[in-house]
Amino acid sequence: MSSSITNNLAKLNAEQLCKHKDNDNELFKKKSVEHRRRMKVQKEAEHQRAEAVVRQKAEEEAKQKAEVEAWRRAEVEAKVCAEEVKRVQLKQSSVSGPSKGK
């Protein structure tokens, strides 16, 4: 082979290698961009799930507090009613006086 043909082949191979490297670099960039996009979407989804868990726990705690408060109010009302019944019974027994024995 002549040196000009050899030089042309070498030049052609070098151009093809550069073109191949450029294609690889472009593909790498596209894959990197796609990977970053997927990671961003995944992180956002994880963030939303975490927020949902926190919100759910807060709602459950609020519900439990409300239930406890309702039970406390019911107990206080029951106690007040029981005391009122005792007062009425004592008042009635003191008004009617001691019962007469036969």
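Nothing in this text is a laboratory measurement; each read-out follows from the coordinates by a stated rule. Quick caveat, the model's predicted, so the values are computed rather than measured. When we count neighbours, we look across all protein chains shown, and the Cβ atoms used for this are built from the backbone with ideal geometry, even at glycine.
Reported to two decimal places, what Rg/Rh ratio describes the chain when computed on Cα atoms with Rh from the Kirkwood expression? Present the calculation step by step, with values, prior to reporting the outcome.
Details: Rg = 43.7 Å, Rh = 23.0 Å.
Dividing the radius of gyration by the Kirkwood radius yields 1.90.
May I ask which residue of Val41, Val80, Ser96 lies farthest towards the positive end of the charge dipole of the chain, with charges of +1 (Lys, Arg) and -1 (Asp, Glu) on Cβ and the Cα centre as origin?
Ser96
So how far apart, in nm, are the two label points at Ala66 and Val41 if each is 7 Å from Cα heading toward Cβ?
3.7
Using only Cα atoms and rounding to the nearest 10 degrees, what angle (0 to 90) does helix 3-96 make with the longest principal axis of the chain?
Its long axis makes an angle of about 0 degrees.
With n ≥ 4 as the cut-off for DSSP H runs, can you work out [θ] at 222 nm for the chain, using -39500 (n - 2.57) per run divided by the number of residues, rounded to the nearest 500?
Only helices count here, giving -35500 deg cm²/dmol.
Where nothing but the Cβ of Lys and Arg (+1) and of Asp and Glu (-1) is charged, how large is the charge dipole of the chain around its Cα centre, in debye to the nearest 20? Please list the in-between numbers first.
Numbers: 24 positive and 17 negative charges, 83 e Å.
That gives a dipole near 400 debye.
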